[in-house]
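Report on one structure; see the data block that follows.
The values are calculated or read from the model by the stated rules, or taken from the named source; none is laboratory data. Keep in mind that what you see is a predicted model, and the values were worked out from it rather than measured. Here the Cβ positions follow ideal geometry from the backbone for every residue, glycine too, while neighbour counts run over all protein chains shown.
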Amino acid sequence: MKIRVGIIGATGYAGAELVRILLTHPEAEITAISSVSFEGKKLSEVYPSYRTLCDMECGTQEEVLEKSDVVFAALPHGLSQELAAQCDNAGKAFIDLGADFRLESEDEYKQWYGCEFLDYDLHKRAVYGLPELFRENIKGKKIIANPGCYTTGAPLALAPAVKAGLVSTEGIIADSKSGVTGAGRKPSQGNHYPELNEGFHAYKVANHRHTPEIEQTLSKLSGKKVTITFVPHLLPVNRGIISTCYARINDGVTFEQIRQEYEKFYENEFFVRVLPDGENADIHNVKYSNFCDISLHHDKRTNTLIAVSAIDNMVKGAAGQAVQNMNIIFGLDEKTGLIIVPPAF
């Protein structure tokens, strides 16, 4: 019997991407979708590319909860906690693509999002769903905080070196560039075509909400508090995130040791590809896929590790990772439904 899947917020970019991936998942079936903005409309009316593939009508959140074994919530922050509680009471799995369960500290959640924890016990039982780093925590759990796009690409680029203590945890810089889909489907001045096209700029410099989430992950790996400098940029492309991360190599550590640690750390991770020396991670090579490509570089003059990761922000940075988490909690092979080949050109 297939897993019954419901998607709340199915007409946003992340929700629509969930539909795209789950339509070909051999062990899952989409049984209900909802959208506040397009309730009563068929998904194929909102996204004509889904015509004949998903003509399902957008219903209510209550219908999604009733008809599903697992609920994906692709909603802005502040809207998932009550839904998670309802799923928890009904024994259903809940995978949140928003930010409500990502931060373990309520103080940080208040500071960066202006919201409070509604149920402390629920937050304690929620787990952070970055499979390559926290797989064992995810297994058997019902409430998953699906990481965001920047908070997937940057930590994966740095994780092996930070965890093994090969680089200094002081002075780490994560410099990331994202496609405009990361801003969501709702139009704004910043993603208006004439404003975006042929431009390139940093935004929310030293003040982006993903900063404490990246620090939380790196601190867990390091075993001590890690503070980073994080600067996001907006690329005039639809998809993809390049994260160029800088960390000072510790005394006595060679670049060869670092490469060996990365290859060992990720040797059994299908979705992380450590590139050979001389190659550069490129968003083109991961487009539409759940892969994360990592290239490693050594600035010999400053003895700095430069680790570059490339992901599709809508797949590994959102919907694909959410499906990967679903596969884990239901005991499926993680690759199920996620063998999506990036286009060659």
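Run residue 140 past the list (1) assigned by TED's automatic domain parsing to the domain that holds residue 74; (2) within 20 Å of residue 100 (Cβ to Cβ); (3) in contact with a helix residue (DSSP H, G or I) (Cβ under 8 Å, 6 or more places away or on another chain) and report the number of the one that doesn't hold.
(2)
Residues being farther than 27 Å from residue 233 by Cβ and in a loop (DSSP other than H, G, I, E, B): count how many of those fall in segment 122-135.
Here the count works out to 1.
Which of the residues that make up segment 273-293 are touching a residue at least 24 places away in the same chain (Cβ under 8 Å) and either more than 22 Å from residue 260 (Cβ to Cβ) or buried (at least 17 other Cβ atoms within 10 Å of the Cβ) (or both)? Can you show your working first?
As a first pass, look at segment 273-293 and keep what is touching a residue at least 24 places away in the same chain (Cβ under 8 Å): 280-292.
Within segment 273-293, 281, 282, 283, 284, 285, 286, 287, 288, 289, 290, 291, 292 qualify.
Take residues that are within 22 Å of the chain's Cα centre (by Cα) and tell me which of the helices (runs of 4 or more DSSP H) falling wholly in segment 1-102 contain 2 or more.
13-22, 81-89
Being farther than 20 Å from residue 267 by Cα, modelled with pLDDT of 95 or more and small (Gly, Ala, Ser) narrows it down to one residue among 307, 319; which is it?
319
Every residue, every condition in (1) buried (at least 17 other Cβ atoms within 10 Å of the Cβ); (2) among the acidic types (Asp, Glu); (3) touching a Phe, Trp or Tyr at 6+ places or on another chain (Cβ under 8 Å), yes or no:
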residue	(1), (2), (3)
67	no, no, no
78	no, no, yes
84	yes, no, yes
89	no, no, no
108	yes, yes, no
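Select, from 154, 174, the only residue that is small (Gly, Ala, Ser) and either surrounded by fewer than 16 Cβ atoms within 10 Å (Cβ to Cβ) or assigned to a strand (DSSP E or B) (or both).
174
Tell me yes or no: at least one residue of segment 236-247 is under 15 Å from the mean Cα position of the chain (by Cα), assigned to a loop (DSSP other than H, G, I, E, B) and in the same structural domain as residue 164 (by TED's automatic domain parsing).
Yes, there is a match, as at least one residue in segment 236-247 is under 15 Å from the mean Cα position of the chain (by Cα), assigned to a loop (DSSP other than H, G, I, E, B) and in the same structural domain as residue 164 (by TED's automatic domain parsing).
Being touching a residue at least 60 places away in the same chain (Cβ under 8 Å) and under 22 Å from residue 334 (Cβ atoms) is true for just one of 181, 152. Which residue is that?
Unique residue meeting the criteria: 152.
How many residues does segment 136-151 hold that are under 11 Å from the mean Cα position of the chain (by Cα), of a type outside the set (Phe, Trp, Tyr) and assigned to a helix (DSSP H, G or I)?
Of the residues in that region, 1 qualify.
Going by the conditions given, is residue 181 of a type outside the set (Phe, Trp, Tyr) and part of a helix (DSSP H, G or I)?
Judged against the criteria, residue 181 is a match.
Tell me which of these residue 296 doesn't satisfy, since it passes every other one: (1) under 19 Å from residue 268 (Cβ atoms); (2) touching a residue at least 12 places away in the same chain (Cβ under 8 Å); (3) not assigned by TED's automatic domain parsing to the domain that holds residue 244.
Just one mismatch for residue 296, condition (3).
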